[in-house]
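Structure, as structure tokens:
The values are calculated or read from the model by the stated rules, or taken from the named source; none is laboratory data. Just so we're clear, the structure is a prediction, and the values are computed from it rather than from any experiment. Here Cβ is always computed from backbone atoms with ideal geometry, including for glycine, and neighbour counts include all displayed protein chains. For the accessible areas, the whole protein counts, side chains as well, though only heavy atoms, and no ligand, DNA or RNA atoms are used. Shrake-Rupley method; radii C 1.70, N 1.55, O 1.52, S 1.80 Å.
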Amino acid sequence: MFKTLSNLLCAVACLCVVQMPAMAAADTRMQVDVLAEEHNVEVNWLHANVREAAALALPELWSRMVPKYAISKIPKRVKAVLFMQKASPTKDGVRITFHQQRVINYLKEHELPYIAEQPALNVVIQLYNKHGRPMGGTANDLLDYAANEAAAKGYRVDGQGASLVLLWRWLNEKQVSLSVRGNSKLSEYTDTRRLTAADPLRQLKAWMNEVLLKARDAYIEPTVAEAEDLDVAQDQLNSPNGLVMQPLTKPEVELRLTIQKEASIADQVLFEQDLRRDPRILELSLRRVNRDGQQYYLQLNGSDDQWLKQWFARRGMTLTATIEGWVVQ
């Protein structure tokens with residue numbers, strides 16, 4: 001009898017374990033370590049001045065949650081202590097933990113772009129030298145570097161996250177090709193660069209940082225204005241029964257877009273596909289290709305063209321207005 005009861009209890013316990021939902025990983029972006037040495041202050045001073053410690057921590061939080069192009073739009077006089085959840089003294093300074101929902105509410109209220117949840121990326125790195133042989137040691141160094149930098153950059157390296165595969169191939173002594181693919185929100189693309197005579201690992205780290213920040217920023221929540229623009233554009237293009245409708249009014253914005261950036265044919269095709277998918281683009285046509293880049297003709301659905309700046313910024317490019325139209329670098 002006791003043996004049967006024991007077996008029954010074990011079975012129930014196992015069932016409870018199986019049915020228990022998995023806990024979500026903690027968002028480490030909310031924890032910022034303020035180190036006395038980095039700020040030229042005493043550890044005891046940080047322990048005694050929590051408000052000041054929180055103020056020192058806040059810029060680090062913004063850099064993890066807000067894209068670089070929008071940092072300057074954050075009000076300067078915001079009080080960091082309003083977002084603080086707790087402060088924990090450490091041997092080297094203070095660990096400030098921010099309240100995530102308060103931070104997000106603030107960014108929403110000020111219509112600032114932000115990344116609501118810490119992106120989890122399953123980063124896979126592959127390198128091959130000019131002879132086609134794998135460079136396993138360098139690949140491991142880069143992967144370790146990505147994991148070590150993740151918390152400060154606002155993402156998480158996680159084997160269960162969205163896959164982000166970075167494949168580098170040496171084409172010759174100096175030229176290196178990068179192929180980025182996977183099922184993260186970052187669009188797949190390729191890039192080719194010429195490395196200098198300096199340490200190649202250091203250059204690859206900087207290159208990888210660019211890619212990882214692009215992957216992180218692909219998870220940005222649109223501002224209220226951007227979301228409304230997308231909804232209006234989609235409503236105009238699609239009727240309730242799913243049939244495509246013609247715009248009621250003539251497009252109010254027609255412009256030229258010049259891409260002053262060296263790109264392969266594959267990159268060019270991916271860029272065009274990505275831009276055409278946006279419902280605010282009614283027409284995109286390639287007008288000219290030369291050694292200086294590519295020039296496109298665009299028709300926009302509406303009179304606002306300012307959203308293009310953020311669209312390109314999320315992809316690591318800068319958009320500038322000129323007399324002849326927009327220039328992308």
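Below, the figures for the structure above:
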quantity: Test: residue in the range 140-159 that is closer than 22 Å to residue 188 by Cα, without any contact (Cβ under 8 Å) to a residue 60 or more places away in the chain and not hydrophobic (A, V, I, L, M, F, W, C); calculated: yes
quantity: Qualifying residue in the range 26-35 (condition: open to solvent by 60 Å² or more (accessible area, probe 1.4 Å), in a loop (DSSP other than H, G, I, E, B) and not charged (D, E, K, R)); calculated: yes
quantity: Some residue of the range 251-263 being modelled with pLDDT of 75 or more, open to solvent by 40 Å² or more (accessible area, probe 1.4 Å), in contact with a Pro (Cβ under 9 Å, 6 or more places away or on another chain) and not aliphatic (A, V, I, L, M); calculated: no
quantity: Pair list, Cβ < 6 Å and 6+ apart or interchain, from the range 65-86 residues that are in contact (Cβ under 8 Å) with a residue 24 or more places away in the chain to residues that are among the small types (Gly, Ala, Ser) and not in a loop (DSSP other than H, G, I, E, B); calculated: 69/313; 80/54; 80/55; 81/54; 84/54
quantity: Among (1) free of Cβ contacts under 8 Å to residues at least 60 places away in the same chain; (2) of a type outside the set (A, V, I, L, M); (3) open to solvent by less than 60 Å² (accessible area, probe 1.4 Å); (4) in a strand (DSSP E or B) - the single one residue 203 does not satisfy; calculated: (4)
quantity: Test: residue in the range 172-182 that is over 15 Å from the mean Cα position of the chain (by Cα) and touching a residue at least 40 places away in the same chain (Cβ under 8 Å); calculated: yes
quantity: Residues (in a loop (DSSP other than H, G, I, E, B) and surrounded by 14 or more Cβ atoms within 10 Å (Cβ to Cβ)) located in the range 166-200; calculated: 184, 185, 186, 187, 188, 195
quantity: Of the criteria (1) of a type outside the set (D, E, K, R); (2) open to solvent by 70 Å² or more (accessible area, probe 1.4 Å); (3) within 15 Å of the chain's Cα centre (by Cα), which one residue 101 fails; calculated: (3)
quantity: Number of the exception - residue 297 against (1) surrounded by 15 or more Cβ atoms within 10 Å (Cβ to Cβ); (2) within 26 Å of residue 185 (Cβ to Cβ); (3) at pLDDT 75 or above; calculated: (2)
quantity: Residues (surrounded by fewer than 16 Cβ atoms within 10 Å (Cβ to Cβ) and within 16 Å of residue 179 (Cβ to Cβ)) located in the range 131-165; calculated: 132, 134, 163
quantity: Identity of the residue in the range 206-237, at pLDDT below 85 and open to solvent by less than 30 Å² (accessible area, probe 1.4 Å), that ends up farthest from residue 166 (Cα to Cα); calculated: 233
